[in-house]
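Read through the structure below, which is laid out as structure tokens, and then see the notes.
Every number in this text was worked out from the coordinates using simple rules, so none of it is lab data. Note that the coordinates shown come from a computational prediction; the quantities given were computed from them, not determined experimentally. With ideal geometry, Cβ positions are generated from the backbone for all residues, glycine too; neighbour counts draw on all protein chains shown.
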There are 2 protein chains.
Amino acid sequence: MSAVVTPDSALELSHWMQQPLADVEQALSRWVGVGAPAQLGEAMRYAVLDGGKRLRPLLVLAASEAVGGLREAALRAACAVELIHAYSLVHDDMPCMDNDVLRRGKPTVHVQFGEAQALLAGDALQALAFELIAPAADEPTQVPVATQARLCSLLARAAGARGMAGGQAIDLASVGLQLTEDQLRQMHRLKTGALLEGSVLMGAACAWVSDTARAALAAYGAALGLAFQVVDDILDVVADSATLGKTAGKDAANDKPTYVALLGLDGARAYADRLAAEAHAALARSGLADTRALAALADQVIRRSH
Amino acid sequence: MSAVVTPDSALELSHWMQQPLADVEQALSRWVGVGAPAQLGEAMRYAVLDGGKRLRPLLVLAASEAVGGLREAALRAACAVELIHAYSLVHDDMPCMDNDVLRRGKPTVHVQFGEAQALLAGDALQALAFELIAPAADEPTQVPVATQARLCSLLARAAGARGMAGGQAIDLASVGLQLTEDQLRQMHRLKTGALLEGSVLMGAACAWVSDTARAALAAYGAALGLAFQVVDDILDVVADSATLGKTAGKDAANDKPTYVALLGLDGARAYADRLAAEAHAALARSGLADTRALAALADQVIRRSH
């Protein structure tokens, strides 16, 4: 099986994506920073709106469609997971972390609003993610409380010390160290993979699914999450800052372990292809009727490196 | 009605507190930092364990007892709200915020573990709060999903841009400004009050309660939250660093607006007493059979300033 997308499914994905992307942008614009003190709200909106590929929301919505999930639940979860992603970028870019000044082609939040405001905006975005998932008692919603509780559980686990934040801590501790492939994989499983896999699981949680389907979707999400990081490492080497919309070559400059350093450029590309094949195989055994959007999203993640 | 506690109820409170405090410490120790990468877990535990008066958890547990709430739900909520409080202190103390080096008589987290680790520890503590409230599917729990969803909603609202983080943003924007009493009250309603009031509401959410009781408990929480901040401002002037366990006099040094600056020391004390009376009046109209622990907690908050 070729991991590279065919023109037909690429067209299909770009067609499929239009409505979900429009829905997510509209929902984020309606929800982010509203009711916040002026400058904080502005910093929150700056960090979230009008930027990013929205891969995680698309994964939530594609997974939810595959299982026939409730649309409102999926849209809330999609926005919530994007807020977690956005807050992690805001905090990651701060001087005490990566000290980056450019993100999505714009000055980073702390450059634009100051460090204190960036810290608070990130904190408030994380809280808002959970507000979206569990609407207030006076806010009308069709999402069953069991779904709200499950989404809260999945998101918190994916974001926390046994997920994204834990991966960042390992990353921090590993600067300048030689990691084995196992150690590198474990770091990325948490740092990037947990939230990507969590996105798929949250989409799946928007309906009842069989254990078989849930396990297959988890395997799909894990493979895709790792592939995403491998591709990111490749792009950090081969792309320039203008294309990336962020500072290129910073992994090497920061002496960070990467898949390219470990496997070489060709080895990293081959590994990304193998992971894409794993993702497709997982979808094939899910027993779900229509996983085309998920398949196309996996292809798109890999294609970025080719 | 005197707002100052009588010796009898003080004894009663110290007796009542023993079991809740022991339960909270044990639960926090069982939950915080477990499964996290080594240094991150250590920083999280350092930030949370073995320190603090645990006022917020006690409010959750007292409110839950008053309404006959489910003990497991209340304990999870109590720990969750303490984690939100603890993360806010970690981030508040960082150089880009208050730049404080002493907290609860110990070096602050960023002094002990470095800024990057402090940032991540705070982020991970916030996520963990929501993990505690909504246990994973494979974790046994007796908490109904409706309660989990409601607790998630209340905690997220209290912590976010329309709560604690929003109040911190207003505080940040108001350094060096002359605030009116209304503006100062609005800032503290969010910055400190939202989480204290949220604690009471979360306790009340651990059982079914009438609208009357819920409204009365909300009013109690709001009055207590504001009183807490007024007393904090008083203590910042009259106490020394050793007694406080943190740097005293820093509000004036940072040119921050305070109730003492606005009302004078005696005026601030009188205001705290009025708020305590409001809190007691709210309990009296709640219709709940036994609100003694909540009453005693309100008295204890005020007594600190006398």
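For a quick check: with amide H placed at 1.01 Å from N, whose amide H comes under 5 Å from B:Arg103's, ignoring anything fewer than 5 positions away on the same chain?
So B:Arg103 has HN proximity to B:Thr108.
Rounded, prolate or oblate: which fits region A:1-153 when a ≥ b ≥ c are the square roots of the eigenvalues of the alpha-carbon gyration tensor, with rounded for a/c under 1.5 and prolate only if a/b beats b/c?
Oblate, since a/c reaches 1.5 and b/c is not below a/b.
Over all distinct alpha-carbon pairs, what is the Kirkwood Rh of region B:156-200 in angstrom?
Evaluated over region B:156-200, this radius sits at 10.3 Å.
Give me the Debye-computed log₁₀ of I(q)/I(0) at q = 0.06, 0.12, 0.15 Å⁻¹ for region B:7-303, equal point scatterers on Cα only, no solvent, two decimals.
With one equal scatterer per Cα and no solvent, log10 I(q)/I(0) is -0.18, -0.76, -1.23.
Using 0.36 nm times the number of residues separating B:Lys53 and B:Ala173, minus their current alpha carbon distance, what extension gain do you get?
40.3 nm
Across the Cα atoms of the protein assembly as shown, what radius of gyration and what greatest pairwise Cα-Cα distance (Dmax) are found, in Å?
24.6, 80
Just to verify a number: FRET efficiency for A:Trp208 and A:Thr180, C-beta to C-beta distance, R0 = 41 Å, to 0.05?
The value I calculate is 0.55.
Mind checking the full-extension length gain between A:Gln112 and A:Thr141? Use 0.36 nm per residue of separation minus the Cα-Cα distance, one decimal, nm.
Result for the pair: 6.9 nm of gain on full extension.
Using alpha-carbon positions, what is the distance between the centroids of region B:161-216 and region A:16-95, in Å?
Region B:161-216 and region A:16-95 have Cα centres spaced 26 Å from each other.
Pairs A:Lys53/B:Lys191; A:Lys53/A:Lys191; A:Lys256/B:Lys191; A:Lys106/B:Lys106; A:Lys53/A:Lys256; A:Lys191/B:Lys191: which are spaced more than 29 Å apart, C-alpha to C-alpha?
The answer is A:Lys53/B:Lys191; A:Lys256/B:Lys191; A:Lys106/B:Lys106; A:Lys191/B:Lys191.
Evaluate peptide B:91-103: per residue, the Cβ atoms of other protein chains within 10 Å of its Cβ; return the mean as an integer.
3
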